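Please read the structure below before turning to the comments.
What follows draws every value from the coordinates through simple rules; no lab data is involved. Bear in mind the structure is a predicted one, so any value in this text is a computation, not a measurement. Here the Cβ is made from the backbone with ideal geometry for all residues, glycine too, and neighbour counts use every protein chain on show.
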Amino acid sequence: MTVTFYNTSNRRKDVAKQLENEVSYTAKFKDEVNIANPTLIIAGHSTLNKNYVYIPTLNRYYFIKGQTILTGNRVQIDCERDVLTSFADSIYNSRQLITRNENIGLNEITDTNYPIAPNTQTRVIQFDDTPFFKNFDELTPCFVLTLAGK
């Protein structure tokens, strides 16, 4: 089977990857095929300077986890699935109800589990060192904090 190798500098969390330096080789699966983590054998190469591969037989994209140099001028390529890019079309064409926001400071999605409500405003008001009152021991100054809203 023919597989296509690439280089990518995208993060693993990116759905669409920028794929560069495309090159195709004939490869075989090693032993039984694990669709999540297949292992390829390529003859005629001792190393491969790529970090990403598309296997058309499985219709999926994979990260290259590692390479092992074998006898007979062969290289073993250990792969790990990239579910996001493999199913990018389905992801982009789907509709979701988003209820959580992992990005601190982006308040377009209201996340009720986030400790600060969206669109809040924090203001720090400077004042002199004179405390409003002193506590019972007259040594530790105390200040008043006022919160408005929900």
Here the relative contact order (percent) of region 4-98, from C-alpha pairs under 8 Å and at least 6 apart, is 27 percent
What is the sum of charges, Lys and Arg at +1 and Asp and Glu at -1, for the other residues whose Cβ falls under 14 Å from the Cβ of Y6? -1
Once label points are set 7 Å from the Cα along Cα→Cβ at both K65 and E80, what is their separation, rounded to one decimal in nm? 0.7 nm
Could you tally the net charge around Q76, taking each other residue with its Cβ under 12 Å from the Cβ of Q76, Lys/Arg +1 and Asp/Glu -1? +2
Value of Rg to Rh for region 2-86 (Rh from inverse mean 1/r over Cα pairs, i.e. Kirkwood): 0.94
The answer for L70, listing residues at least 5 apart or on another chain whose modeled amide H is closer than 5 Å to its amide H, is V75, Q76
